[in-house]
1. What shape does the range 65-108 have by the C-alpha gyration tensor, where a ≥ b ≥ c are the square roots of the eigenvalues, rounded means a/c under 1.5, and otherwise prolate means a/b greater than b/c and oblate the rest?
2. Find the relative contact order for the range 131-202 and round it to a whole percent, using C-alpha pairs within less than 8 Å whose residues are 6+ positions apart.
3. Could you order peptides 91-97, 73-79 by the average number of other Cβ atoms within 10 Å of their residues, highest first?
4. Take every Cα pair under 8 Å in the range 92-177 that's 6+ residues apart, average their separations, divide by the length, and report that relative contact order as a whole percent.
5. So how much slack lies between residue 103 and residue 91, counting 0.36 nm per residue of separation and subtracting their Cα-Cα distance, in nm?
6. Can you tell me the length gained on complete extension of the stretch residue 66 to residue 135, counting 0.36 nm per residue apart and subtracting the Cα distance?
7. Testing the spin-label approximation: label points 7 Å from Cα along Cα→Cβ at residue 194 and residue 57. State their distance in nm.
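Nothing in this text is a laboratory measurement; each read-out follows from the coordinates by a stated rule. Values in this document were obtained by computation on a predicted structure and should not be read as measured data. When we count neighbours, we look across all protein chains shown, and the Cβ atoms used for this are built from the backbone with ideal geometry, even at glycine.
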C-alpha cells in the first residue's frame, strides 16, 4: 500500500522540522519524575481522555475538548515504558507497524526518519490504516520514539475518519506539516545530567 500524497511529505519534511526548539510540559501523567522527563506541547483546548498505568507501562490519551474517548477524530497518545531500553528505535517502530497491520484490512508505512535529539536516539514513522477491522474507520498515525536512559517513550498523533483509498491521503498536507512541527517540540531531558539539558518553559 503506497500513499504518495501522504508518505512523500513526511519523507521530505521529517529531517528538518522536528529539530525546532521550544517545548512545554503536558499534564503530570506525561512527566516521568524529577530526573528524566518527557516534554510534550499540549494542543490548545484538548483534554486528557484516558490515563492508565499497568506495571512498567504508562499510557495517556489526549483529545479535543468537544470529542470523547469513544468518538474522536484526532488524538495524542503518550506511552512510557519504565526500564533501560532494550530495543533500538527501528525495532520499536517496526513493532508499532506490525500492530497496525494486524488491526487493518490494509496498511501502508512511510520510511523511518532517525535522529539524535538532546543526546537521545529518536525516530519517526507514519502508518496508514485504510480501514480498521475493529471500528470500520480509516486511521492515520505519526509515531515518534525516543530512547531515554531510564525509559522508552512513544508519542503519536492520530486521525480517525471514514475509510480511504490506498492512493489518497485522508488528511491534508497542512495537517501533516502541523504534526511534524508538533513532534519537533517533543523532547526528553534530564535535569540531573548536563548532556541532556531541560529546556526553559517560561
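1. Judged from the Cα gyration tensor, the range 65-108 comes out oblate (a/c at least 1.5, b/c at or above a/b).
2. Once normalised by length, the contact order is 23 percent.
3. Going by the mean number of other Cβ atoms within 10 Å, highest first, we get 73-79, 91-97.
4. Taking the mean separation of contacting Cα pairs over the length of the range 92-177, I get 22 percent.
5. 2.4 nm
6. The span from residue 66 to residue 135 would gain 22.8 nm if fully extended.
7. A separation of 3.9 nm, rounded to one decimal place.
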